[in-house]
Amino acid sequence: MISSQPQAQQVVSLLLAHDIYDVIISPGSRSGALVHTFNGCKKFNCRTVVDERSAAYFAMGLAQAISRPVVLLCSSGTATLNYAPAIAEFYQQGIPIIVLTADRPAYWIAQLENQCINQNDIYRNFIKYSATLPLETTEKSLWFARRQINEAIHSATTGKLGPVHLNIPFEEPLHKTVDTPLPNLAKIALLSTQIALCESEKQIFLETLANSLRILIIVGQLQPDKPFCQSLVDFAKCTGAVILAEPLANIHSTIDNSDVIIWQVDNVCRKLVESGDDASLRPDMLITCGNQVVSKAIKQFLRTYPPSIHYHIGADNSVIDTYQSLTHIVAMSPTDFFVQVLPTLEPVSEQVRHQREDYLEHWQSKQHAVNKQCDAVAENSDFSDWWVYQQLFANIPSDSVIHLGNSSPVRYALMNKPVQGAIYLGNRGTSGIDGSLSTAVGYASASEKINTVILGDLSFLYDSNALWNHYLSNNLRIVVVNNGGGNIFGQLETLSQSPDFKQYFLAEHHVSAQPFAKAFGLDYISASDAETFKQELTTLYATNHNKPILLEVLTDYATNIKTYQQLINNLHEEK
Ligand SMILES: Cc1ncc(C[n+]2csc(CCOP(=O)(O)OP(=O)(O)O)c2C)c(N)n1
């Protein structure tokens with residue numbers, strides 16, 4: 001059975017025509033015509049998540065895991081606004097999600113009707129495409145709606161991918177169904193095209209490259225992409241460029257350790273910035289691609305020592321001048337760019353090759369020095385957040401998936417070498433603490449691998465509704481580092497001395513994750529000392545779990561801050 005409403009039939013039929021099959025539904029009556037139609041057509045995988053904020057983040061994790069667009073469907077009113085935080089994240093990270101919100105006819109808006117707000121273009125600051133479909137069912141209106149639905153899907157799935165919104169008003173009756181097959185509508189097909197750098201621009205790029213002795217490539221957050229990583233590393237090897245990569249760039253997940261890549265860049269750059277060191281690492285030419293870079297120190301270093309030339313390679317032509325030195329934008333996929341440029345590279349003279357090797361060696365020696373300093377602190381460190389994160393990253397299974405919460409988990413991850421073969425994910429588009437667990441749950445539900453999500457206590461408690469659905473999978477390992485509040489703020493020395501600190505920043509509390517684990521049927525283990533932690537880490541990754549498992553690690557604020565300070569002081573010392 002499907003809805004009798006032709007608008008609902010059209011939307012569902014065209015999504016099917018575009019090969020989009022996964023739908024996350026939050027309950028409500030106004031969206032009923034769409035629910036009946038999705039569910040009546042057996043080709044869709046429909047899932048229910050009640051809390052729309054969590055549903056939207058869940059959809060994001062799912063879309064990342066299956067590398068396909070996902071549909072979100074909710075009722076009218078505040079339900080729609082609860083999608084907003086995740087939509088901002090989709091937009092910044094470039095995740096293709098088709099958001100469907102049900103609405104009342106426009107003539108009932110602002111007429112004291114129930115569950116009614118103005119939903120036109122409600123996500124306007126962070127959506128790639130937005131339209132309200134016509135209410136009428138005349139042939140012309142239905143044709144117009146088909147055009148809008150096709151436009152929305154094309155927008156979500158081409159260029160820089162991203163979220164799109166169709167607001168769909170329905171007349172009553174909302175739940176009348178008919179026993180007919182879904183109409184078979186043809187999509188408007190958008191053919192794939194290949195972008196190529198024009199010859200003269202390529203020549204300018206190659207000449208600039210040839211004239212640069214210190215070439216730096218920075219890769220921001222990216223999904224694992226083997227062809228891209230391979231062409232990038234080949235490019236670096238061929239040119240003598242140095243690659244700076246954080247775990248979220250996911251280069252390590254597809255490429256074995258390569259010495260052209262500097263991993264713990266945050267530590268290296270932090271030291272350079274604080275010590276007023278090292279203008280000799282200033283690049284002549286910078287090439288960037290990917291999304292956000294987490295490290296503040298990288299940004300500070302390059303803003304202090306800007307390159308003369310900066311090429312940014314990305315799917316769209318936005319001006320993204322993170323390092324205040326942007327000179328060229330190449331609006332094409334980084335994979336296509338490196339693959340196209342690679343065969344045209346000319347061999348360089350011995351002298352240039354030596355100078356470029358010196359540049360790489362200089363970065364490597366800095367890296368080596370900070371690694372030694374970090375190891376020295378770890379060896380003598382008390383049981384603290386730093387110690388726990390260090391042990392955790394050393395023991396997470398390779399070839400698994402790691403979801404990093406904001407902020408300590410993602411920041412401590414920068415200080416550790418990436419787990420080889422592991423995929424790193426995190427909501428760094430907007431760095432919210434509000435949906436990390438939901439995203440991980442959505443991802444894990446469609447993943448064959450072990451999925452470890454690492455969160456602080458505030459992030460876990462904020463998003464505990466992530467556990468309120470039927471899709472918790474046994475491959476899920478949740479690690480909550482409970483330090484009794486937002487310890488990340490304690491790392492800011494002036495802030496932590498403020499009389500406002502404990503209440504308004506740290507948000508000190510004594511809530512445990514245990515009752516949440518019990519309420520949602522998870523196994524629970526905990527540790528508050530080094531020995532128990534090591535034992536429970538073995539339990540966490542034992543292979544015989546038939547439920548998701550939550551490990552709560554209890555650490556002490558004062559020890560955490562003391563250890564962190566030791567680490568930072570140690571990094572600053574000249575050794
Ligand atoms: C939705 C949202 N609200 C507020 C913030 C600001 N914020 C950043 S980190 C943080 C504290 C995180 O605390 P916790 O999850 O316990 O992690 P840890 O202190 O260990 O870093 C807050 C409130 C945010 N990023 N997102």
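Taking every protein chain into account, the 1.4 Å probe leaves Leu458 with about 50 Å² of accessible area, to the nearest ten.
Taking amide H atoms as placed 1.01 Å from N in the peptide plane, the amide H of Gly426 lies under 5 Å from those of Leu404, each 5 or more residues away in sequence or on another chain.
For segment 481-575, the solvent-accessible area works out to 55 Å² per residue, with a probe of 1.4 Å and every protein chain left in place.
Rolling a 1.4 Å probe over the protein heavy atoms of segment 1-160, with every protein chain left in place, gives an accessible area that is 51 percent carbon and sulfur. The residue list Phe144, Phe505, Thr563 was ranked by how far each Cα lies along the charge dipole of the chain toward its positive end, using unit charges on Cβ atoms, and Phe144 comes out on top. Take the Cα pairs of the chain, get the Kirkwood Rh, then feed it into Stokes-Einstein at 4 °C and 1.567 mPa s and tell me D in µm²/s. In µm²/s, the coefficient is 51.
Each residue of segment 543-548 was assigned a 3J(HN,Hα) from its phi angle through the Karplus curve 6.51 cos²θ - 1.76 cosθ + 1.60 (θ = phi - 60°); the sequence is 8, 9, 7, 10, 9, x Hz, with glycine and proline shown as x. Annotation: amide H of Tyr129 within the under-5 Å range of His165, sequence separation 5 or more or interchain, hydrogens built in the peptide plane.
Take Asp256: with every protein chain present and a 1.4 Å probe, its accessible area is about 120 Å². Ranked by the mean number of other Cβ atoms within 10 Å per residue, highest first, peptides 441-448, 199-206 order as 441-448, 199-206.
Once the Cβ-Cβ distance of Gln340 and His362 is raised to the sixth power relative to R0 = 25 Å, the FRET efficiency obtained is 0.25. Here's how it looks for Asp103: its modeled amide H is under 5 Å from those of Ile168, Phe170, which are all 5 or more places away or on a different chain.
Once you reduce segment 466-504 and segment 2-29 to the center of their Cα atoms, the two points are 38 Å from each other. Sorting the Cα pairs of segment 72-204 by distance into bins of 5 Å, from 0 upward, gives 2, 9, 16, 18, 17, 14, 10, 5, 3, 2, 2, 1, 1 percent per bin. The DSSP beta bridges internal to the chain are antiparallel in roughly 5% of cases.
The values are calculated or read from the model by the stated rules, or taken from the named source; none is laboratory data. All values derive from a computational prediction rather than experimental measurement. Virtual Cβ from ideal backbone geometry, glycine too; neighbours counted across all protein chains shown. Only protein heavy atoms, including side chains, enter the accessible area calculation; ligands, DNA and RNA are left aside. Shrake-Rupley method; radii C 1.70, N 1.55, O 1.52, S 1.80 Å.
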